[in-house]
1. Within region 61-121, which GluC sites (Glu not before Pro) sit in a loop by DSSP and count at most 12 neighbouring Cβ atoms inside 10 Å?
2. Any idea what the relative contact order of region 3-116 is, in percent, if you count C-alpha pairs under 8 Å spaced at least 6 apart?
3. Roughly speaking, what is the stretch gain from LEU58 to ARG16, that is 0.36 nm per residue apart minus the C-alpha to C-alpha distance, in nm to one decimal?
4. Positive end of the charge dipole of region 22-121 (Lys, Arg +1 and Asp, Glu -1 on Cβ, about the Cα centre): tell me which of ALA74, SER54, ILE44 has its Cα farthest that way.
5. Structure shown: which of LYS22/LYS92; LYS20/LYS61; LYS84/LYS108; LYS2/LYS34; LYS67/LYS93 lie over 23 Å apart, alpha-carbon to alpha-carbon?
6. Could you list the trypsin sites (Lys or Arg not before Pro) in region 1-36 that lie in coil according to DSSP, counting only those with at most 13 other Cβ atoms within 10 Å of their Cβ?
7. Once every DSSP H run of n ≥ 4 in the chain is given -39500 (n - 2.57) and the sum is divided by its residues, what mean residue ellipticity at 222 nm do you get, rounded to the nearest 500 deg cm²/dmol?
Amino acid sequence: MKVNERQRARAIRHARVRKKIKGRAERPRLVVFKSSKHTYAQVIDDEQGRTLASISTLSSKFRERQKYGGNIAAAKIIGELIAKESLSKGIKKVVFDRGGYLFHGRVKALAESAREGGLEF
């Protein structure tokens with residue numbers, strides 16, 4: 001499978017999931033994106049089309065703790081940081097959007113550490 005075909009297949013899976021998942025003001029959407037080198041997480045209110053909180057392995061908060069962002073250890077840190085940032089903005093309940101990826105590896109590690117950090121989903 002070529003890279004473009006893989007990306008298109010993930011986009012199709014993500015669109016299928018997004019038909020069912022909507023982020024509301026009372027329960028925004030926690031979406032995950034991962035590349036080969038970095039991991040990103042955002043909390044989004046789809047009704048207003050606004051990003052309420054975001055963190056990635058490129059941010060300075062992450063870089064203070066670890067340098068490389070493309071592994072499970074980095075995903076755990078991102079989960080902790082997104083939970084902390086969301087709770088500081090008064091967001092406790094979210095809907096988890098795995099972004100078309102399997103719930104395995106980095107995606108699973110991020111979700112579990114966000115739950116441990118205090119987010120409910």
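Every number here is computed from the coordinates shown, using simple stated rules; none is lab data. Worth saying up front: this structure is predicted, and the values here are computed from it rather than measured. Quick reminder, even Gly has a Cβ in these numbers, built from the backbone with ideal geometry, and neighbours come from all protein chains shown.
1. Those satisfying the criteria are GLU64.
2. Computed value for region 3-116: 30 percent relative contact order.
3. Additional length available on full extension: 12.3 nm.
4. The one lying farthest along the dipole's positive direction is ALA74.
5. LYS20/LYS61; LYS67/LYS93
6. LYS2, ARG24
7. Calculated at 222 nm, the ellipticity per residue is -13000 deg cm²/dmol.
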